[in-house]
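Notes to accompany the following structure.
Just so it is clear, none of the values below were taken in a lab; they were calculated from the coordinates. Only a predicted model underlies this, so the values are computations on that prediction, with no experimental measurement involved. Glycine also receives a Cβ, built like all others from the backbone with ideal geometry; neighbour counts cover every protein chain displayed.
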Amino acid sequence: MRSRSMFLLLVLAFLALTAGFTTSSQAAVQNRIAGEVTEGSRVALTHTVSPKASHAMDLGAAPSSLPLQGMTLRFSMTTAQHAALSQLLIDQQNPSSSRYHQWLTPQQFGAQFGLSAADITKVSSWLTSQGFTITSVANSSTFIRFSGTVSQADQAFGTTIHKLSLDGEQHISNLTEPALPAAIAGVVENISGLDDFKLKPHLRVRAVTSRSTSTAHPKDTIDTTAGVEHFISPGDFYVIYDLNPLLTASTPINGSGVTIAVMGQVDISLTDIAAFRTASGLSTNAPTITTYGTDPGSPTTACLADPAPSTCTVTGGDLDESELDVEWAGATAPSANIVFVNSTDVIGISLVDSIDNNLAPIMTVSYGGCEVHDFSTGAMNSLNEYFQQANAQGITVVGPAGDTGATDCDDSDTTEPPSATLGLAVDFPASSPFVTAVGGTEFSEGADTAGQYWNNSTTNTSTTSALSYIPETVWNDTAAEIASSPTNASFSAGGGGASVVFSKPTWQTGTGVPSDGQRDVPDLAFNASADHDAYLVCAQDSCQGGTYFVQSGTDAGEFNAFGGTSVSTPSFAGILALVEQKLGGSRIGNANPYIYALANGSSYSSIFHDVTTGNNDSPCTKGSTDCPNGGSIGFSAGVGYDQASGWGSLDVSNFANSFSSVVTALPNATSITVTNSPSIPALNQTVTFTATVAHTSGTATPTGTVTFTVDNAATSTSETLSSSGTATFSTAFTTSGSHIIYSSYSGDSNYYGSSTTTTITSGTVPTGSISLSASPATISIASGGSISSTITITSAGGYAGTVDLTAVASTLNGTFEFLSNSSPVTSVTVPAGGSTAVTFTVSSVTAATKGAGKLNRSSGVSNLVVGGGATLAGLLLFGFTGTRRRRWPAVFSLLAFTALIAGMGCSSSSTTTTTTGAGTYTITITGADSVTPSTITASTNLTVTIQ
């Protein structure tokens, strides 16, 4: 493995040295790591420890020799790269842009938004110097994956990896934030692989243990006394959601030529997949399997138990989930190419590597977790950037909205009966604006004694018994489960609500969309109930003899039936394959702008089945988060969009047939700006807000309405745009302090909606002045130590108000914090003629690295460099066409020559200087009035000597 790392380093070194040999029209990304990587100054990455670690029982240090596979440094983007990527994603969906549907390859993405080859070489060299083995470098230059041991990780990242116990399972995780050399920390967003917490599958198992196999309908009747109970086969799905006109057309639209990648983390059985297709009357179309990183293997017999023992890394739930996903993605797109992607981490490796290898235009993942309890902020941010990369490559990512109703964080609730305590929450990655979130509905046909929706005859031997579309309500079986078995019940409802991480995307507008400023989920929904009515699945050898059930032995009559957004999600992925085939094989990218454009169009009622009844409420504990009075919390269905069912389900034929028209007529983007007069209103004084909506492309003036919401109130005011694209709103504030105005433009047939948040302060404008002092003002410490000083803010001239506090020290690293009564604060209240004191602390104080010189290249030298690149290409060809034993000398000669050429082609306008640990440094502490920060402000200096 060490030789593999050396080879990768040599290749990276060559790429780094030749990175500059490009013309100005193909300029590579700029180097961000200045100078050499040194250990003198380290910076801790914030928000990277898994939230699960804080809820687990510490069992002591993990074995130092324990191997860690799949560790990954995920690189950050600069502010400029973020802005450029956001604009690219808009342009790629804008028919009037020259970049419309100009999808990138992973390599092209890396050339614009990844890390430079030179910087990757430096990071790789540092990792190797720490004893790690590099296993892969992203095609998109966005990550490096490596392996090592617990001991190496602890030492390299200055962290502590411990054994933990969580919900009866044993895990390992770092308990402190990893620290990196300052030069590297500046380009790293997150480190993954330091814990082994895995996401659990989203599926609901229906316990169907026996049935008559002699006279009963092969898929609908459980026994001869219970009457007819229905289970969903592919044929039923085709009828209910209107796929048959596409599948049976003279030129069938069945997914042919389109690839769907299904994400997993377990070895699957192709025999089960083949049995499902035979039982469903589908043609033989076996999936292919791609594995990234380490193969996780198959679950042992013991691990197939429910629940599986804590020692199991691969469980029966993973197996059921993966086979379900493969079968139903292939059911709704029966001729599509299905690729099952396998690894030890369904999101961080399977999905990320599939994106980085541009594996398929449609990717579906049926795993997810609560935004704030299952993912660190760093992990979510880095994964969200990979979903942006996917969209930039034309990839559509589909994920489940969750199966625990509106309380996604209470997935592992252990109370009897279940009662939410953690408040409203949604599921990630479905909550990402760059992922399509699929929720859950439930059929609501009543007794159907007249046979309007189902063929209820027990003599019917067809695999299809649905007769038409069946009315739907929001999936919520929680109350029924509690009533049936309070001690064994669990939350069982479609996920939905507002993200607490991601803001409202511009395309998320329309009737019913909340004016909350946040990304709302789901986007749409399909049947997901395990109770009414579950989907048929073949798993763990459950289908025999061309049927859905076990034919003989002690398990005769048993069969598998599943529900959950785990089924609705891959089913929708298959529907997207039909759409892409209908579009001639063209990729879609982010499907959400099209879904919302169709929902806001004149054909909404023929494309969507609007679900207007039901809710995704969960029972909650009185006094807990979002549940002050007890009862239940969640969201109800309504006309148009809602946070329980999205836009509803689809008439798939109309959806596919209408998609081409919206692809060529997608609205243009807009921006909204808001001003207010007066800028600082007095109490009870009328203040007028003026919203101006501008378009980034297009010719027509935006029409529609702007909705103003004050301080997150339950009610809001809508004003119609004038002919100049402006709308005004007036109000008065009865309380002093800061107020938030959320303004949302509705959009129209030409333009997307947009939104913005405005903060305004009301009340009397403060007068007078303030002063700051520090005690002690001079402190001496050892490198890596901590300091504490009392900062006193004093009023003068009758000043009374709120003072915001900041601290700046350009040449020091450390964690800065202001404390009042031991609690962190960012502002304090100062009384007239008085003073207020806070404690200022800085922990882990070290000297920082100063900036490096700026690279300049003259136009004359550029011509020489381009010529040198051609010479190097010849040398590269020469060096690698000889015998194996001669290749390494050729590589070293090539690198030496490249270095010489690089030195000839570049000059430095300044030099790199690095401070030493010892020395005297200054921290400037500033206080500014929150209303008039530019006029009432003061500062004081704190002198720190590192000995």
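Across the chain, the mean sequence separation of Cα contacts (distance under 8 Å, 6 or more residues apart), normalised by length, yields a relative contact order of 11 percent. For the range 813-819, putting each phi into the Karplus relation 6.51 cos²θ - 1.76 cosθ + 1.60 with θ = phi - 60° gives couplings of 9, x, 9, 8, 7, 9, 10 Hz, in residue order, rounded to whole numbers and with x for Gly and Pro. The chain has equivalent-ellipsoid semi-axes of 48, 37, 30 Å, by the square roots of 5 times the alpha carbon gyration tensor eigenvalues, sorted largest first.
Scalar couplings 3J(HN,Hα) for the range 37-49, obtained by applying the Karplus form with A = 6.51, B = -1.76, C = 1.60 to θ = phi - 60°, are 7, 10, 8, x, 10, 10, 10, 7, 6, 8, 6, 10, 6 Hz; x denotes Gly and Pro.
Would you order 475, 328 from fewest to most other beta-carbon atoms within 10 Å of each residue's own beta-carbon?
Taking fewest neighbouring Cβ atoms as first place, the list is 328, 475.
Per-residue Cβ neighbour counts within 10 Å put 555, 516, 272 in the sequence 555, 516, 272, beginning with the fewest.
Near residue 349, once Lys and Arg are set to +1 and Asp and Glu to -1 for all other residues with Cβ below 13 Å from its Cβ, the sum equals -2. Here the sum of -39500 (n - 2.57) over DSSP H runs of 4 or more residues, divided by the residues of the chain, equals -7000 deg cm²/dmol at 222 nm, to the nearest 500.
For the range 114-157 and the range 370-400, what is the centre-to-centre distance using only Cα atoms, to the nearest Å? So the separation of the two Cα centres works out to 22 Å.
Neighbours of residue 766 by Cβ distance under 13 Å: Lys/Arg scored +1, Asp/Glu scored -1, total -2. Helix 377-392 and the longest principal axis of the Cα set of the chain meet at an angle near 70°. Counting other Cβ atoms within 10 Å as a rough exposure proxy, the listed residues 163, 198 run 163, 198 from fewest neighbours to most. Compared with the dominant Cα axis of the chain, that is its longest principal axis, helix 2-18 is turned about 60°. Remark: for residue pairs 52/163; 198/504; 163/198, the C-alpha separation exceeds 19 Å in 198/504. Quick one: net charge around residue 668, please, counting Lys, Arg +1 and Asp, Glu -1 for every other residue with C-beta under 13 Å from its C-beta. Neighbourhood net charge equals -2. The peptide list 252-261, 833-842, 331-340, 430-439, put in order of mean Cβ contacts within 10 Å with the highest first, becomes 430-439, 331-340, 252-261, 833-842. For the peptides 941-947, 799-805, 739-745, the ranking by packing is 739-745, 799-805, 941-947, with the highest mean count of neighbouring Cβ atoms within 10 Å listed first. I'd like the orientation of helix 565-582 relative to the chain: the angle between its Cα long axis and the longest Cα principal axis, in ° from 0 to 90, rounded to 10. For 565-582 against the chain, the angle is about 90 degrees.
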